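Note sheet for the following structure.
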Amino acid sequence: MNIILAQTAGFCMGVDMALRKLDSLLHGPDQKSEVCTLGPIIHNPQVLQEYAARGVAQINDPQALNTGQTVVVRAHGIPRNIEAALQARGVRLIDATCPKVKKAQVLIAKQAAQGRLLILLGEADHPEVRGLLSYAASGACVVDSEEGLEELLQDRLGPCFLAAQTTQDQELYVRMADLLRRRLDPDIPVLDTICAATMNRQEEARVIAEQVQAMVVVGGRESGNTRRLVQVVEQAGIPCHHVEIADELPLDQLRGLNSIGITAGASTPKNVIQAVVQRVETM
Ligand code: SF4
């Protein structure tokens, strides 16, 4: 059987940096004090279990944090008002927000300062999106499809700008920008907020999907960029199996195929990917 493993599979720069920050805290002078994260530091349950076993508590409610407590801000960032409230309460924040997410926050704040409404391509419930929206001081709407955008365009909109959650599909974003230029404003500002790590993973998944009979995407079910990889492969028209770990592989459906592609989200650790590859090789 021919197995093609994506070169881009696994940790991106932002995830790697966030985990290094957490590791350095655990190995540094803080190791005896309690270190916690506000929400999951990244969206991968296996990684979170490992840190939980090392004593890193995940606190989901900012109100539960106490003065002097050390809190690592996750790679996806947190809303502006929560950050300010925690700082005011004397919580020690270690910012592990990915630089690409930070860049998106800054760009959005600049456009919003000109009184423009943000149209954001993203998942409304995603923590990164909640963070980005907090920088849109002149209002915001979240859409996740061209249909959603069409619906929004039924309303009378003032000056707007377009941005995307960092992990969104670049092709969809380009189509939405074109639609807005045609229907709303030929000069609408379109921010460059989709992360290259995401685009490269999606592009490679498309290329591999053309060469294989089925694909396996490895990564957390809560991971936005992993879910997007699944969509990209499904759009290519071949069967796609999303698994978090090797034990979830649908071996009955994979056995007998001549070619299988494997890729993984930006928050999937190497050992989990290797275990999947090994299981497919030996099934
Ligand atoms: Fe940062 Fe991109 Fe990784 Fe998200 S996918 S954490 S934006 S580098």
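Three principal axis extents, largest first, for the C-alpha atoms of the chain, in Å?
Here the Cα extents, ordered largest to smallest, are 58, 58, 23 Å.
If you take every residue apart from Gly261 with its C-beta less than 10 Å away from the C-beta of Gly261, what net charge results, scoring Lys and Arg +1 and Asp and Glu -1?
Values: positive: none; negative: Glu204, Glu210.
Once positives and negatives cancel, what remains is -2.
Under the definition of Cα pairs under 8 Å and six or more residues apart, what whole-number percent is the relative contact order of the stretch 51-160?
Relative contact order here is 25 percent.
Test of the criteria: in the stretch 171-242, which GluC sites (Glu not before Pro) are in a DSSP loop and have at most 14 other Cβ atoms within 10 angstrom of their Cβ?
In loop regions of the stretch 171-242 (DSSP not H, G, I, E or B), the sparsely surrounded GluC sites (Glu not before Pro) are Glu210.
Over the stretch 157-283, calculate the relative contact order: mean separation of alpha carbon pairs under 8 Å at least 6 apart, over the residue count, as a percent.
Once divided by the residue count of the stretch 157-283, the mean separation gives 25 percent.
Which value at 222 nm does the chain reach when only helices count, each DSSP H run of 4 or more adding -39,500 (n - 2.57), with the total divided by all residues and rounded to the nearest 500 deg cm²/dmol? Walk me through the numbers before you get to the answer.
Details: 11 runs with 119 residues, N = 283.
Result for the chain: -12500 deg cm²/dmol, rounded to the nearest 500.
Please give the charge dipole size of the stretch 13-97, origin at the Cα centre, charges +1 on K and R Cβ atoms and -1 on D and E Cβ atoms. Round to the nearest 20 debye.
120 debye
First compute the accessible area of the chain with a 1.4 Å probe, then give the percent of it belonging to carbon and sulfur atoms. Kindly include the intermediate steps, with their values, before the conclusion.
Values: 6270 of 13100 Å².
For the chain, the apolar C and S fraction of the accessible surface comes to 48 percent.
Which is the longest stretch in the chain that no exposed loop site breaks, taking sites as trypsin sites (Lys or Arg not before Pro) with a DSSP loop state and at most 16 other Cβ atoms within 10 Å? Let's see the in-between values first.
Numbers: sites that count: Arg54, Arg89, Arg156, Arg221, Arg255.
The longest such stretch corresponds to 90-155.
What is the stretch 100-183 by shape, rounded, prolate or oblate, if you read a ≥ b ≥ c off the alpha carbon gyration tensor as root eigenvalues and call it rounded for a/c under 1.5, prolate for a/b larger than b/c, and oblate otherwise?
Since a/c reaches 1.5 but b/c is at least a/b, the shape of the stretch 100-183 is classed as oblate.
List the lysines whose Cα lies under 17 Å from the Cα of Lys21, skipping any in the same chain that are fewer than 8 positions away.
Result set, ordered by chain and number: Lys32, Lys100, Lys102.
The values are calculated or read from the model by the stated rules, or taken from the named source; none is laboratory data. Just so we're clear, the structure is a prediction, and the values are computed from it rather than from any experiment. Positions of Cβ are backbone-derived with ideal geometry, glycine not excepted, and every protein chain shown enters the neighbour counts. Areas reflect the complete protein model, heavy atoms only, side chains present, ligands, DNA and RNA absent. Shrake-Rupley method; radii C 1.70, N 1.55, O 1.52, S 1.80 Å.
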